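Asks: Here you go, one structure.
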Amino acid sequence: MRDFHYLEPRTVSEATAMLADHGEEACVFAGGTALILALRQRMMAPGVLVSLGQLEEMRAIRFDPKEGLLIGAMARHNDIARSKIVRQHYPVVAEMAGGLANPQVRNQATIGGNLCYADPSTDPPACLLALGAELTIKGQHGARRIPMDEFNVDYFTVAMEPGEILTQIRLPPPDQEVTTFYRRHLRTPAEHRPVANLALAVRNRGGAFEDVRLIVGAATPAPQLLDGVQDYLSGRSVTAEVAAEAADRAAEEMFPISDGRGDEGFRRQVVRALTRRLVAEAANLDWKETE
Amino acid sequence: MMAKNRISLEINGEAVEADVRPNRLLSDFLRDDLALTGTKRGCETGVCGACSVLVDGDVVKSCLSLAIQMNGCSLTTVEGLACDGAPSPLQKSFMECGGLQCGYCTPGFLMAASDLLARTSRPDVATIRKNLSGNLCRCTGYQGIVDAILDASEKMHGT
């Protein structure tokens, strides 16, 4: 690992000022679990790390009935998994955060670092997209909010400008009629990074699906909304056959990654299985009997 | 060469002040600067968990941490588990239940298990296995480790 200066701003505005001062030489440091690996492999060699570790204001998790759930970007995955507020209002998020990577990483890595690094082989983006998350991003000249839909642009690429900091993730107040499901696939239980995951939010009106949001993650360069499958499922009464058809369409519609952890065909197959199971589960069908 | 930064922290109950370069890994700081060699370097890529230590009670991987991040924190390493030089109940259970063979991964497993038992007095097998998922052992097949943690939880917290 090359040498660098380590700065610890005490406020967000101090942090953005430091980033502006050091320009391209600077890199934001959150939990460090991904960045330290990249630094050690010399994939990156910033001269200055601006650590957000002392920004207590960015660690808070709170719920506001109008705004919804507000998660500080420096909340660690275990902070989210163990938060009573998250478990009460968004159990699917608590479960996702509590299963991510491994216990040690959940105690170190932050949700904001995870999102900004944008490694596709991870859990939060697809799940947060299904829930309609909105992100607050601060720069030297003020704050802006963008929907999660616009955040993940590509492989390791997000819609942030140099010098900006992701400060907060907002999930709108839960709609009691909408249920969100999240499922991922690991090649082996010892592997900590999913080869594919799927999030489904759906309003189940007496067996018929409405307001369907279906997102595939980890198997694609960035989380992908499966519009075609969403349209197919909308207004439909879901049977085992419908779940199977939706699964075939999902495998067809996705744009998979093909790499050493799984080639394109394998990832399509995994997404097909995940889709069939998740859609069946959302319709209260036993997916094990739908073959 | 970058200037060193002064950090103050507590390790196994003792106050420590040290000057570290910002790029010093916590695992290297513990082993090479403080001679606390109970913490092992295994994969050094965050996979094996041999380097696990407790930071403010939470188990973390010291190869994925910078020493400089620990300023103001309270750390426990495997050297801090023994009580007056005698093995802790958890360590005794590892010995009695076959929770180790070569022993290289053991400090990491002990720290992960310590975190778990501090939060959950009587974990079931599924919970134990989930909480060991950040640690690899190539000798035991894990069963002895799971047995040891069950045994320790019983001895520490009753039936």
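Asks: Does residue B:93 fit the bill of being more than 15 Å from the chain's Cα centre (by Cα) and either open to solvent by less than 20 Å² (accessible area, probe 1.4 Å) or touching a residue at least 60 places away in the same chain (Cβ under 8 Å) (or both)?
Replies: Here the answer is yes, as residue B:93 does meet what is asked.
Asks: Please work out if residue A:190 is within 14 Å of chain B (Cβ to nearest Cβ), hydrophobic (A, V, I, L, M, F, W, C) and in a loop (DSSP other than H, G, I, E, B).
Replies: Working: within 14 Å of chain B (Cβ to nearest Cβ): yes; hydrophobic (A, V, I, L, M, F, W, C): yes; in a loop (DSSP other than H, G, I, E, B): yes.
Considered against the rule, which asks whether it is within 14 Å of chain B (Cβ to nearest Cβ), hydrophobic (A, V, I, L, M, F, W, C) and in a loop (DSSP other than H, G, I, E, B), residue A:190 comes out as yes.
Asks: Can you tell me which residues in the stretch A:36-55 are among the charged types (D, E, K, R) and either within 11 Å of another protein chain (Cβ to nearest Cβ) or open to solvent by less than 20 Å² (accessible area, probe 1.4 Å) (or both)?
Replies: Selection gives A:40 alone.
Asks: Restricting to the stretch A:61-79, count the residues that are open to solvent by 20 Å² or more (accessible area, probe 1.4 Å) and either of a type outside the set (Phe, Trp, Tyr) or under 22 Å from residue A:197 (Cα atoms) (or both).
Replies: 8
Asks: Is there a residue in the stretch A:115-128 that is outside any helix (DSSP H, G or I), open to solvent by 20 Å² or more (accessible area, probe 1.4 Å) and either at pLDDT below 95 or of a type in the set (A, V, I, L, M) (or both)?
Replies: no
Asks: While we're looking at this one, here's another question. Just one of the numbered conditions (1) at pLDDT 95 or above; (2) under 23 Å from residue A:96 (Cα atoms) is not true of residue A:248; which one?
Replies: (2)
Asks: Report yes if residue B:113 is buried (at least 21 other Cβ atoms within 10 Å of the Cβ), within 14 Å of another protein chain (Cβ to nearest Cβ) and at negative phi, otherwise no.
Replies: yes
Asks: Can you run down the residue pairs with Cβ atoms below 8 Å, 6 or more apart or on separate chains, where the first is in the stretch A:1-14 and more than 9 Å from every other protein chain (Cβ to nearest Cβ) and within 26 Å of residue A:141 (Cβ to Cβ) and the partner is open to solvent by less than 20 Å² (accessible area, probe 1.4 Å) and in a loop (DSSP other than H, G, I, E, B)?
Replies: Close Cβ pairs (under 8 Å, with a partner that is open to solvent by less than 20 Å² (accessible area, probe 1.4 Å) and in a loop (DSSP other than H, G, I, E, B)) amount to A:9/A:52; A:9/A:55; A:10/A:55; A:11/A:55; A:12/A:55.
Asks: Additional query: May I ask you to say which residue of A:201, A:243, A:196 is at pLDDT 95 or above, over 30 Å from residue A:159 (Cβ atoms) and crowded, with 21+ Cβ neighbours inside 10 Å?
Replies: Unique residue meeting the criteria: A:243.
Asks: Considering only residues that are in contact with a Cys (Cβ under 9 Å, 6 or more places away or on another chain), small (Gly, Ala, Ser) and surrounded by fewer than 21 Cβ atoms within 10 Å (Cβ to Cβ), which ones fall in the stretch B:10-41?
Replies: none
Asks: Taking only pairs six or more apart or across chains, which ones have beta-carbon atoms under 7 Å, a first residue in the stretch A:227-246 that is without any contact (Cβ under 8 Å) to a residue 40 or more places away in the chain and within 9 Å of residue A:209 (Cβ to Cβ), and a second residue that is hydroxyl-bearing (Ser, Thr, Tyr) and assigned to a loop (DSSP other than H, G, I, E, B)?
Replies: Pairs that qualify, where the first residue is without any contact (Cβ under 8 Å) to a residue 40 or more places away in the chain and within 9 Å of residue A:209 (Cβ to Cβ) and the partner is hydroxyl-bearing (Ser, Thr, Tyr) and assigned to a loop (DSSP other than H, G, I, E, B): there are none.
Residues are listed down the side, and each one gets a yes or a no for (1) more than 11 Å from every other protein chain (Cβ to nearest Cβ); (2) farther than 16 Å from residue A:170 by Cβ; (3) surrounded by 16 or more Cβ atoms within 10 Å (Cβ to Cβ); (4) not hydroxyl-bearing (Ser, Thr, Tyr):
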| position | (1), (2), (3), (4) |
| --- | --- |
| A:19 | yes, yes, yes, yes |
| A:34 | no, yes, yes, yes |
| A:57 | yes, no, no, yes |
| A:81 | yes, yes, yes, yes |
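Asks: Determine the pairs where a residue that is at positive phi, located within the stretch B:19-48, has a partner that is assigned to a loop (DSSP other than H, G, I, E, B) and modelled with pLDDT of 95 or more with Cβ atoms under 8 Å apart, the partner being 6 or more residues away or on another chain.
Replies: B:44/B:51
Asks: Any chance you could count how many residues in the stretch A:260-280 are out of contact with any strand residue (DSSP E or B) (no Cβ under 8 Å at 6 or more places or on another chain) and open to solvent by 60 Å² or more (accessible area, probe 1.4 Å)?
Replies: 7
Asks: Now, a different point. Filter the stretch B:64-79 down to residues that are open to solvent by less than 20 Å² (accessible area, probe 1.4 Å) and within 21 Å of residue B:106 (Cα to Cα) and give me whichever is nearest to the other protein chains (Cβ to nearest Cβ).
Replies: Going through the qualifying residues, I end up with B:64.
Asks: Would you say residue B:3 is at the interface with chain A (Cβ under 9 Å from one of its Cβ atoms), hydrophobic (A, V, I, L, M, F, W, C) and part of a loop (DSSP other than H, G, I, E, B)?
Replies: Yes.
Asks: Which ones in the stretch A:281-291 are open to solvent by less than 40 Å² (accessible area, probe 1.4 Å) and within 23 Å of the chain's Cα centre (by Cα)?
Replies: A:282, the sole residue that qualifies.
Asks: Scanning the stretch B:65-100 for residues that are in contact with a helix residue (DSSP H, G or I) (Cβ under 7 Å, 6 or more places away or on another chain) and of a type in the set (Ser, Thr, Tyr), which turns out nearest to residue B:52 (Cα to Cα)?
Replies: Of everything passing the filter in the stretch B:65-100, B:77 is nearest to residue B:52 (Cα to Cα).
Asks: Which condition from (1) within 15 Å of the chain's Cα centre (by Cα); (2) within 14 Å of another protein chain (Cβ to nearest Cβ); (3) free of Cβ contacts under 8 Å to residues at least 12 places away in the same chain is the one that residue A:74 breaks?
Replies: So the condition that residue A:74 fails would be (3).
Asks: Of the residues that make up the stretch B:18-33, is at least one in a strand (DSSP E or B) and either more than 12 Å from chain A (Cβ to nearest Cβ) or out of contact with any helix residue (DSSP H, G or I) (no Cβ under 7 Å at 6 or more places or on another chain) (or both)?
Replies: yes
The values are calculated or read from the model by the stated rules, or taken from the named source; none is laboratory data. Given the structure is predicted, the values throughout are model-derived calculations rather than measurements. Positions of Cβ are backbone-derived with ideal geometry, glycine not excepted, and every protein chain shown enters the neighbour counts. With ligands, DNA and RNA removed, areas are computed over all heavy atoms of the protein, side chains included. Shrake-Rupley method; radii C 1.70, N 1.55, O 1.52, S 1.80 Å.
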